[in-house]
Amino acid sequence: MSGITKTDVLIVGAGPVGLFAVFELGLLDLKCHLIDILDRPGGQCAELYPEKPIYDIPGWPSISAQGLVDKLMEQAAPFKPDFTFNRMVSALERREDGSFRLTTDENEVFEAKVVVIAAGGGSFQPKRPPIPGIEPYEGTSVFYLVRRMEDFRGHDLLIVGGGDSALDWTLNLQPIAKSITLVHRRPEFRAAPDSVNKMYALQETKHLDFQIGQVSGLKGTDGQLSGAIVKGPDGDVEIACTRLLPFFGLTMKLGPIADWGLNLDENLIPVDTEKFETSEPGIFAIGDINTYPGKLKLILSGFHEAALMAQAAKRIVSPGERIVFQYTTSSSSLQKKLGVN
Amino acid sequence: MTKLTYIAHDGTHFDVEAENGSTVMENAIRNAVPGIEAECGGACACATCHVYVDEAWKDIVGEPEAMEEDMLDFAYDVQPNSRLSCQIRVRDELDGLVVRVPERQG
């Protein structure tokens with residue numbers, strides 16, 4: 001038992017808007033903990049398009065997505081936010097005193113007075129590959145990630161994909177699998193050239209089989225896979241396999257947030273435009289995940305929402321305390337918090 | 001204006017007047033062509049605007065760049081004439097272009 005982590009504000013999602021919320025909340029002396037399913041901060045900016053320039057951040061005629069994330073981390077740093085990566089918040093419940101208890105998919109428990117959902121397009125989850133009839137095999141014979149390598153020992157393994165995940169697991173599982181086949185639709189790979197060379201070397205010595213093609217169907221009964229049909233350049237071939245590991249990248253899904261009792265509107269969370277609070281008092285939603293009349297899914301809108309949300313969050317965490325509106329340019333107390341004075 | 005035709009998976013034709021410089025994906029979304037999802041909004045970061053370019057147009061439209069080819073790995077039933085429609089920019093020489101929407105997006 002790792003115990004309960006307590007914080008003022010629990011932020012679900014460490015994308016640009018979640019990171020800027022740390023700054024705005026920090027100016028009001030609120031301590032933040034962020035949880036994100038990715039292994040690093042930045043959300044879509046870091047995962048989908050780190051090198052692409054963004055042209056509509058005020059004051060930055062052009063900044064790369066990763067560059068913006070780095071600057072936001074720097075800006076949030078004086079407030080020493082805590083991060084928990086590679087985790088999804090799976091459950092949220094309100095406690096008797098009105099605060100919240102959140103549980104991750106690895107059963108870590110957090111308590112916070114305020115919850116801010118800054119989850120963007122939802123959580124990144126492995127994409128289900130476009131193979132018809134795959135669903136009945138999921139969790140029994142088809143897996144989208146490897147939690148324990150031992151689970152694959154002695155199996156006839158079929159790995160599909162051409163990126164680093166597919167190649168890394170092909171190389172890592174090869175020694176313990178009964179047999180291993182890698183299927184990719186073309187001879188070019190996205191994976192690191194070194195891994196690709198290692199794979200070809202293992203194929204040379206017949207330690208694995210690499211086939212060009214696309215999986216078009218599965219064979220088996222009661223969730224137990226026995227083979228896959230691969231559509232290749234020379235027609236269909238059947239590959240015997242008992243475990244299938246498809247690596248088709250990540251997609252965004254709303255996930256467990258849908259079960260937290262909030263009003264939803266087409267997978268978005270309706271909020272008011274004064275506090276950006278959801279239908280549940282004390283739970284706020286900012287950035288791409290919220291909706292309100294006139295909503296624009298822009299990072300700059302999320303920044304504005306974070307600033308207004310912070311004022312309302314402060315009133316919940318420190319009821320009765322007078323909030324003095326101050327500017328960072330002139331307030332010595334704000335400058336002290338930022339460590340610049 | 002440049003004329004584009006989308007053929008949905010059920011065979012329905014959608015004839016569209018497109019502005020040069022816009023993408024084939026954007027025009028599909030504006031005209032509610034079924035089967036084009038464009039989850040990432042045109043960043044070449046998903047593969048949900050996959051189309052098949054009519055064989056007669058394949059050479060004129062051109063080949064995908066490496067990044068698009070990488071993304072196509074995530075699409076369903078990729079063929080030699082597969083493209084991501086967010087990466088095809090409308091221009092004069094594409095007047096009359098025909099693209100088909102696949103059975104499903106990735």
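Below is a table of values for the structure above.
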quantity	calculated
Residue list for the range A:214-252, restricted to those being within 11 Å of chain B (Cβ to nearest Cβ) and closer than 29 Å to A:MET88 by Cα	A:PRO246, A:PHE247, A:PHE248, A:GLY249, A:LEU250, A:THR251, A:MET252
Residue among A:LEU68, A:LEU19, A:LEU34 that alone is modelled with pLDDT of 95 or more, under 18 Å from A:GLY339 (Cβ atoms), assigned by TED's automatic domain parsing to the domain that holds A:GLU106 and crowded, with 21+ Cβ neighbours inside 10 Å	A:LEU19
Search result, residues across the range A:177-213 that are in contact with a strand residue (DSSP E or B) (Cβ under 9 Å, 6 or more places away or on another chain), within 14 Å of chain B (Cβ to nearest Cβ) and of a type outside the set (Lys, Arg)	A:LEU182, A:VAL183, A:HIS184, A:PRO187, A:ILE212, A:GLY213
Number of the exception - A:GLU204 against (1) farther than 20 Å from A:ASP156 by Cβ; (2) crowded, with 19+ Cβ neighbours inside 10 Å	(2)
Test: residue in the range A:269-287 that is of a type outside the set (Lys, Arg), touching a residue at least 40 places away in the same chain (Cβ under 8 Å) and in contact with a Pro (Cβ under 6 Å, 6 or more places away or on another chain)	no
Only listed residue being under 26 Å from B:ASP10 (Cα atoms) and either in contact (Cβ under 8 Å) with a residue 24 or more places away in the chain or facing chain A (nearest Cβ under 10 Å) (or both), chosen from B:ASP70, B:ASP77	B:ASP77
Pair list, Cβ under 6 Å, 6 or more apart: the range A:319-339 residue assigned by TED's automatic domain parsing to the domain that holds A:GLY98, other residue of a type in the set (D, E, K, R) and surrounded by 10 or more Cβ atoms within 10 Å (Cβ to Cβ)	A:ILE323/A:LYS314
Count of residues meeting criterion [over 21 Å from A:ILE316 (Cα atoms) and either among the hydrophobic types (A, V, I, L, M, F, W, C) or touching a Gly at 6+ places or on another chain (Cβ under 9 Å) (or both)] in the range A:254-280	7
Cβ-Cβ under 6 Å pairs, at least 6 apart or on other chains, the range A:37-60 side within 14 Å of chain B (Cβ to nearest Cβ), far side exposed (fewer than 14 other Cβ atoms within 10 Å of the Cβ)	A:PRO53/A:SER62; A:TYR55/A:SER62
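The values are calculated or read from the model by the stated rules, or taken from the named source; none is laboratory data. Treat the numbers as computed from the prediction; the structure is a model and nothing was measured. Cβ atoms come from the backbone with ideal geometry, glycine included; neighbour counts cover every protein chain shown.
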